[in-house]
Amino acid sequence: MIRWLFAPLAALLLGAGAPPPAIDEAAVAAALDATTAPGTVLIARGDAIVFERAFGLVDPASKAEHSLGQTWRWASVSKQVTATLAMQEVAAERLDLDAPILKYLPDSKAPFAGTITSRMLMQHISGLPRTEEGPIGRDGWSTFYMVDRGSPETGRTWCEGPTNRKPVSEFLYGDCDFIMMAAVIEATSGKSYDTLIAERIAQPLGLASVGVFPRTEPTVPGYAEGKPETTAFRLENFGGAGALYGTTRDLLAFDRALMTGKLIPEAERAQMWDGKPEYGFAALGQWSFSVPLKDCGDTPVRIVERRGFIGGVVLRNIILPDLDVVIIMTSNRAEAEAAFGEIWQQAGITHDVMRAALCATGAPL
């Protein structure tokens, strides 16, 4: 389906039979910022990587440079993977996105468990508590992310705590939505979240680097304001909302499997990528919207965006379905979150890299 969509769009913009232009590597490199957002960038067309580079220093106080092939925390890109598992359950007819979660979690103590649905969870309109509303501990981090994973002060138990917000009252982004979504998936599948990641994502796609925290070996460390990030948080406490890790090439492999129907059927992918304007174009576990790029013609580019940001590590996972393109950027500076910017505002590193990759001749691919 993706290549079928790509063909007429390419014919419209390039002329029938015209090959896509070679990527302007100098323009892409010029859009990067090795000081504010050092890390890596990967650009792929179809299954081919057309640009891949590591740049800048790992530690601002040392001379060690970033390198390709490192294992990164995927942070909230994990939500995109969790949503994919959920849509697999939908395709298997074990999960109804619009059924109350009480159907699958009959012991749930969430105040509105009889109203909250899986769709609401993945659109962040469930009304569940937000972790920042709980007790705050060291370095400004919620104790939710600091305590032992088995503590009632974290995980599903805390997320089912008191709240005065009713479902659908407002869009309010939070990790509890996807921690609860992981619990629903575990109930419908009869398997643990860790097992589902291994059996449905990592093993069938051959993603040797992908797993769920905790992890014995370190991943790329984060920095903020020139100093090592705090050690206050435990990455495993993010669960289905942010506890995955892997290389950027394995993330690309996940994206390609998602784009080509290897992970979920077209109908379920279309639901997952249906961005709702009333919720800021939030889809299910990701954002989906169409915007033109600055000085790149008037044709809007359809973008599926998933961000990740924990501590001093920042990611952008960008899928351009109609152009069969993926752009993945990582950085280990907290400041990169602001520097990556907003694509829809036609500003920031993400937009500029995308424009350089797609618009070397002044018009999109």
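Counting only residues that are out of contact with any Cys (no Cβ under 7 Å at 6 or more places or on another chain), modelled with pLDDT under 95 and among the aliphatic types (A, V, I, L, M), give me the helices (runs of 4 or more DSSP H) lying completely in the range 252-365 with at least 1 of them.
349-358
Out of the range 144-174, which residues are closer than 15 Å to Glu132 by Cβ and part of a helix (DSSP H, G or I)?
Correct list: Phe144, Tyr145, Trp158, Cys159.
Hey, could you check the range 154-190 for residues that are among the charged types (D, E, K, R) and surrounded by fewer than 16 Cβ atoms within 10 Å (Cβ to Cβ) and say which is farthest from Arg94 (Cα to Cα)?
Checking each candidate, the answer is Glu170.
Considering only the range 280-296, how many residues are in contact (Cβ under 8 Å) with a residue 12 or more places away in the chain and under 17 Å from the mean Cα position of the chain (by Cα)?
Matching residues across the range 280-296 total 9.
Mind checking which residues of the range 165-180 are more than 19 Å from Gly280 (Cβ to Cβ) and touching a Gly at 6+ places or on another chain (Cβ under 7 Å)?
Residues satisfying the conditions are Lys166, Ile179.
Within the range 117-143, restricting attention to residues that are part of a loop (DSSP other than H, G, I, E, B) and not small (Gly, Ala, Ser), which residue is surrounded by the most Cβ atoms within 10 Å (Cβ to Cβ)?
Residue satisfying both the conditions and the ranking: Leu128.
Could you check how many residues of the range 131-164 are farther than 24 Å from Phe112 by Cα, small (Gly, Ala, Ser) and in contact with a Gly (Cβ under 7 Å, 6 or more places away or on another chain)?
Of the residues in the range 131-164, 0 are farther than 24 Å from Phe112 by Cα, small (Gly, Ala, Ser) and in contact with a Gly (Cβ under 7 Å, 6 or more places away or on another chain).
Go through (1) under 22 Å from the mean Cα position of the chain (by Cα); (2) at positive phi; (3) free of Cβ contacts under 8 Å to residues at least 60 places away in the same chain for Glu93 and report which single condition fails.
Every listed condition holds for Glu93 apart from (1).
Mind listing just one residue for me: the one in the range 62-85 that is part of a helix (DSSP H, G or I) and not hydroxyl-bearing (Ser, Thr, Tyr) and, of those, farthest from the chain's Cα centre (by Cα)?
Leu85
The values are calculated or read from the model by the stated rules, or taken from the named source; none is laboratory data. None of the values given here were measured: they were computed from a predicted structure. Ideal geometry is used to build each Cβ from the backbone, glycine not excepted, and the neighbour counts take in all protein chains shown.
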